[in-house]
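Engineer: Structure below; questions to follow.
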Amino acid sequence: MGKPIEGIITAVVTPYDKNENVDEGGFRKIINYLIDSGVNGLFPVGSQGEFFVLTKEEKKRLIKVAVEETRGRVFVMPNTGAISTRESIELSQYAERAGADCISVITPFYISPTQEELYQHFKAICQSVKIPVLGYNNPGRTGGVALTPATLVRLANEVPNFAGIKDSSGDLTQVAEMIRLCPPDFKVIMGRDTLIYGALIHGAAGAIAATSNVAPKLVVGIYRAFKQGDYEKAREYQRKLAPLRIAFGLGSFPVVVKEALTMMGLPAGRCRGPIQPLSAEKKASLRTILVEMGIIAK
């Protein structure tokens, strides 16, 4: 792979029209807006992209469109995780054929596999493709299922194209252990937007950030300032980002980012049911945050 897996990677929203059909034109528009804003990579069909309500064919189409529209300007790393190893292999092989640079695979959800079963699951997926594969821990949304540092070390040392992990646990100690124990070229990617700076300090390669849909230049600023050695500026950008991430609590995930994009004039659309739009009161609170951050005009 030509492009390094690092920097700020946006967990891209999946836009829908008023009938909750995928809005392909809106998806293309958002991709170009993100690339023009300086993000390093795109993470389509992830949690913020509502992969859990997409059909398999919709996932494939979104992966194909993301690769086509990006045209090699940044790397594309779709989530190809599924409950079964078989389906995840199918999606992973499709992503590779479509031209994805690498893939990220969320741990199975609803079921509770052992660490040995997770090892075999990820090993089989890695062996089915040639492109880099990153694990994806999101225990808050998978019933606590996550790859432990010990299992990561085993995969990183025994499976050549198991290249990294996105960790959305919010446990910075665990992230630091992953970085400490895994090989130097293993990519640990922060998945909690409020901890980007902290993870970079420990040696993380970057972050997959939902907030970078809404404030891409601010999130990219954290990474760029850090890489330039301007740690005070990086900390200041991280502090400025916090209200937006905390605002996720205004509604059911993942509605807040889509509401914010709509306020910005971007075609995010609503979420698929059962997730409903924010109330008028919550929308007003979100608008106030966006105005105070300078994202939209008063």
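We did not get these values from a lab; they are worked out from the coordinates using the rules stated. Keep in mind the model is a prediction, meaning the values are calculated, not measured. Cβ sites come from the backbone with ideal geometry, for glycine too, and all protein chains shown count toward neighbours.
Engineer: In segment 282-298, what residues are within 26 Å of R28 (Cα to Cα), without any contact (Cβ under 8 Å) to a residue 60 or more places away in the chain and in a loop (DSSP other than H, G, I, E, B)?
Structural biologist: G294, I296, A297
Engineer: Within segment 27-46, can one find any residue that is in a loop (DSSP other than H, G, I, E, B), farther than 30 Å from H121 by Cα and more than 14 Å from the chain's Cα centre (by Cα)?
Structural biologist: Yes: one or more hits.
Engineer: Just checking, does segment 163-176 include any residue being more than 24 Å from G198 (Cβ to Cβ) and either surrounded by fewer than 18 Cβ atoms within 10 Å (Cβ to Cβ) or under 21 Å from the mean Cα position of the chain (by Cα) (or both)?
Structural biologist: no
Engineer: Take D17 and decide whether it is in contact (Cβ under 8 Å) with a residue 60 or more places away in the chain, crowded, with 17+ Cβ neighbours inside 10 Å and touching a Gly at 6+ places or on another chain (Cβ under 7 Å).
Structural biologist: Taking the combined requirement at face value, the residue does not satisfy it.
Engineer: Here's another thing I want to ask about it. Within segment 140-152, take every residue that is surrounded by 18 or more Cβ atoms within 10 Å (Cβ to Cβ) and of a type in the set (A, V, I, L, M) and give me the one that is farthest from A82 (Cα to Cα).
Structural biologist: The qualifying residue farthest from A82 (Cα to Cα) is L152.
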